[in-house]
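See structure below.
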Amino acid sequence: MPELPEVQAHAERLTATLAGLELTGFDALTFSVLKTFAPPPDAPLGRELQQVGRRGKHLLLALGDLTYVVHLMQGGRLRVGAAGDGRARPRGGRRGAQPVARWSFADGRALLLTEAGSERRAGVWMIAGDPLAAEPLAGLGPEADDVDVPEMAAMLQAHSMRLHTFLRKQQVIAGLGRRLANEVCHTAGLSPFAPTGRLADDAGRLVEAIGACVTQSLAVERALDDMSASRERPGGVHGRTGQPCPACQDSVRAVEYRGYTVNYCATCQTGGKVLADNTTSKFLK
């Protein structure tokens with residue numbers, strides 16, 4: 001799933017390309033993509049797109065006091081094309097990227113939301129007024145790269161859970177996902193399974209690691225013409241099971257879950273101890 005750096009860089013690209021253009025049409029091409037019914041999704045027609053912003057992993061298409069909020073989820077992508085792109089509605093069961101929503105502009109271009117896979121999880125919300133005060137944004141935690149050391153220490157104490165879970169929980173801290181959680185834990189030299197209640201003294205290391213990982217990824221994304229594929233994103237441990245750790249050359253290890261993998265280096269993060277590869281394992285710092 002695209003995380004803070006990928007979404008931020010893409011918002012900047014879309015703003016540079018489309019800001020100032022009049023919106024002439026919006027089409028929800030699947031029943032499930034539109035998550036709100038009031039105001040109607042065509043309410044901003046005739047207005048100019050001011051900018052594309054970001055909150056957490058969401059894109060915000062701002063048109064005055066009306067905002068489209070877009071969540072790409074795992075397989076969604078938002079790309080500029082011609083006005084006629086995506087006219088055909090997707091057929092159920094096809095796994096290739098299919099159009100699920102389309103914004104049309106007065107210059108003949110369109111912004112097309114596509115989604116790969118058979119599931120349809122990407123979503124569009126139409127929000128009137130302050131989008132940060134409404135769902136799905138109202139419940140998000142602070143932006144991951146805005147948290148300072150005292151705030152991080154307080155958050156670690158207030159939310160009792162494993163560190164990897166803490167970093168991925170959007171209601172606690174917004175913008176990070178599985179890849180960056182793996183990379184932040186590795187960069188900070190902390191076990192992904194360390195209990196947050198014992199990590200207040202490590203708040204500075206976490207803040208520094210988040211900043212370093214986000215900055216590195218954002219630099220990579222800003223150099224691209226479109227959002228990166230997963231394999232193009234930088235990292236030392238994520239998706240590198242069995243490969244040498246770039247810091248110490250020990251093998252990168254994994255704990256496999258049904259929907260994701262926690263990668264870590266035993267030498268760098270767990271004092272050399274190997275965590276059993278099952279969902280009931282417990283491993284403290």
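Distance in nm between label sites at VAL149 and ARG231, each 7 Å beyond Cα in the beta-carbon direction?
4.1
In units of 2.2 N^0.38 Å, what is the alpha-carbon radius of gyration of the stretch 112-235?
Rg over 2.2 N^0.38 Å, computed on Cα atoms: 1.17.
Working from the pairwise distances between different alpha carbons, so that the mean of 1/r is found and then inverted, what is the stretch 183-274's Kirkwood radius in Å?
Mean inverse Cα-Cα distance, inverted, gives 14.1 Å.
Please calculate how many Å² of accessible area the stretch 105-201 carries per residue, with a 1.4 Å probe and no DNA, RNA or ligand atoms counted.
38
Within 10 Å, count the other beta carbons around each residue, average over each peptide in 107-116, 157-166, and list them highest first.
107-116, 157-166
If you look for lysine pairs in the chain that are eight or more places apart or on different chains, how many of them have Cα atoms under 27 Å apart?
8
Once both axes come from the Cα atoms, what is the angle between helix 203-222 and the longest principal axis of the chain, in degrees from 0 to 90, rounded to 10?
It is inclined by approximately 40 degrees.
Taking only Cα atoms, what is the 0 to 90° angle, nearest 10, from helix 4-18's long axis to the longest principal axis of the chain?
Roughly 20 degrees between the two axes.
Please identify the cysteines of the chain that lack any partner cysteine with a Cβ under 4.7 Å from their own Cβ.
CYS185, CYS213, CYS248
Mind checking the angle between helix 149-158 and the chain's longest principal axis? C-alpha axes, 0 to 90 degrees, to the nearest 10.
Value to nearest ten degrees: 80.
List every residue whose amide H lies under 5 Å from the amide H of LEU224, counting only residues 5 or more places away in sequence or on a different chain, with H placed 1.01 Å from N in the peptide plane.
Distant-sequence amide H within range of LEU224: zero hits.
Between VAL274 and GLN157, what FRET efficiency comes out of the Förster formula 1/(1 + (r/R0)^6) with R0 = 22 Å and r the beta carbon distance, rounded to 0.05?
Working from the Cβ atoms, E equals 0.15.
Tell me the mean residue ellipticity at 222 nm calculated for the chain from its helices only (DSSP H runs of n ≥ 4, each -39500 (n - 2.57), averaged over every residue, nearest 500).
Mean residue ellipticity, 222 nm, calculated: -7000 deg cm²/dmol.
Heavy atoms only, probe 1.4 Å: what % of the accessible area of the chain goes to carbon and sulfur, would you let me know?
Carbon-and-sulfur percentage of accessible area, whole number: 49.
The values are calculated or read from the model by the stated rules, or taken from the named source; none is laboratory data. Values in this document were obtained by computation on a predicted structure and should not be read as measured data. Using ideal geometry, Cβ is built from the backbone for each residue, glycine included, and neighbour counts are taken over all protein chains shown. Remember, those area values only see protein heavy atoms, side chains included, never the ligands or the DNA or RNA. Shrake-Rupley method; radii C 1.70, N 1.55, O 1.52, S 1.80 Å.
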